[in-house]
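Structure first, commentary second.
The values are calculated or read from the model by the stated rules, or taken from the named source; none is laboratory data. Being a predicted model, the structure only gives us computed values, none of them experimental. Backbone-built Cβ (ideal geometry, glycine too); neighbour counts: all protein chains shown.
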Amino acid sequence: MAENFIIPSGENRKDAYESVLPQIESLIAGEPDLTANLANIAAALKYGMNFFWAGFYLVKEGELVLGPFQGPVACTRIAEGRGVCGHALKQKEAVIVPDVNLFPGHIACSAESKSEIVIPAIVDGNVVLVLDIDSDRPDDFDETDLAYLTKLIRLVEGLYTMQTGKKVTV
Ligand code: SME
């Protein structure tokens with residue numbers, strides 16, 4: 001299935017999501033391994049959506065630990081409340097940051113990163129991981145990204161639940 005992945009052409013973000021999300025669903029269908037699926041989702045987002053950095057931080061003992069990603073090397077651990085990802089973990093809600101330089105405590109993994117969106121996956125009422133996407137363009141994320149990436153994170157919550165047997169509460 002992976003060899004059939006089609007990279008959308010054109011600049012329209014909505015059309016790109018409409019092409020990439022169903023392909024992600026096919027990629028993960030029938031594969032129960034969470035790491036394998038998160039790795040392919042990160043690659044599909046990076047190359048399908050042409051994002052600068054796309055990946056996951058998993059919650060381990062109360063802090064975020066770097067998981068599967070595509071893009072430049074990133075910091076490995078983020079404490080709850082720190083940076084954009086730690087903020088999403090603490091508040092249990094998605095964050096859109098139009099200008100990372102204006103976000104108090106933003107963790108700059110790359111000087112090229114200009115804007116960011118972070119969406120938490122919530123299982124059993126707890127954040128279990130966050131999806132982090134960075135752009136090298138300012139103000140690159142809006143409600144369209146939030147809507148499509150929230151759909152994606154619902155799939156990820158399902159994957160997590162399948163792997164751990166825990167219950168998704170939205
Ligand atoms: N900028 C993030 C850190 C992770 S990197 O962007 C990949 C933050 O402030 O949480």
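Which of the residues spanning the range 52-67 are farther than 17 Å from VAL127 by Cα and within 11 Å of the chain's Cα centre (by Cα)?
TRP53, ALA54
So how many residues does the range 88-102 have that are farther than 21 Å from ASP136 by Cα and crowded, with 18+ Cβ neighbours inside 10 Å?
1
Between residues in the range 26-51 that are on the phi > 0 side of the Ramachandran plot and residues that are surrounded by fewer than 21 Cβ atoms within 10 Å (Cβ to Cβ), which pairs lie under 8 Å by C-beta distance while being six or more apart or on different chains?
Final answer for the pair search is ASN50/ALA16.
Among the listed residues ILE41, ILE78, ILE28, identify the single one that is more than 9 Å from the ligand (Cβ to nearest atom), buried (at least 16 other Cβ atoms within 10 Å of the Cβ) and at pLDDT 95 or above.
That would be ILE41, the only listed residue that is more than 9 Å from the ligand (Cβ to nearest atom), buried (at least 16 other Cβ atoms within 10 Å of the Cβ) and at pLDDT 95 or above.
For the range 60-86, how many residues meet the condition of being within 21 Å of THR35 (Cβ to Cβ), without any contact (Cβ under 8 Å) to a residue 24 or more places away in the chain and not in a loop (DSSP other than H, G, I, E, B)?
Qualifying residue count for the region: 5.
Might you let me know whether the range 113-130 holds any residue that is free of Cβ contacts under 8 Å to residues at least 40 places away in the same chain, away from the ligand (no atom under 13 Å from the Cβ), surrounded by 21 or more Cβ atoms within 10 Å (Cβ to Cβ) and not in a loop (DSSP other than H, G, I, E, B)?
Looking through the range 113-130, at least one residue is free of Cβ contacts under 8 Å to residues at least 40 places away in the same chain, away from the ligand (no atom under 13 Å from the Cβ), surrounded by 21 or more Cβ atoms within 10 Å (Cβ to Cβ) and not in a loop (DSSP other than H, G, I, E, B).
How many of the residues in the range 130-139 are under 15 Å from the mean Cα position of the chain (by Cα) and farther than 21 Å from VAL65 by Cβ?
1
Can you tell me which residues in the range 14-25 are in contact (Cβ under 8 Å) with a residue 60 or more places away in the chain, farther than 19 Å from ALA121 by Cα and β-branched (Val, Ile, Thr)?
Once the filter is applied, which keeps residues that are in contact (Cβ under 8 Å) with a residue 60 or more places away in the chain, farther than 19 Å from ALA121 by Cα and β-branched (Val, Ile, Thr), the range 14-25 yields nothing.
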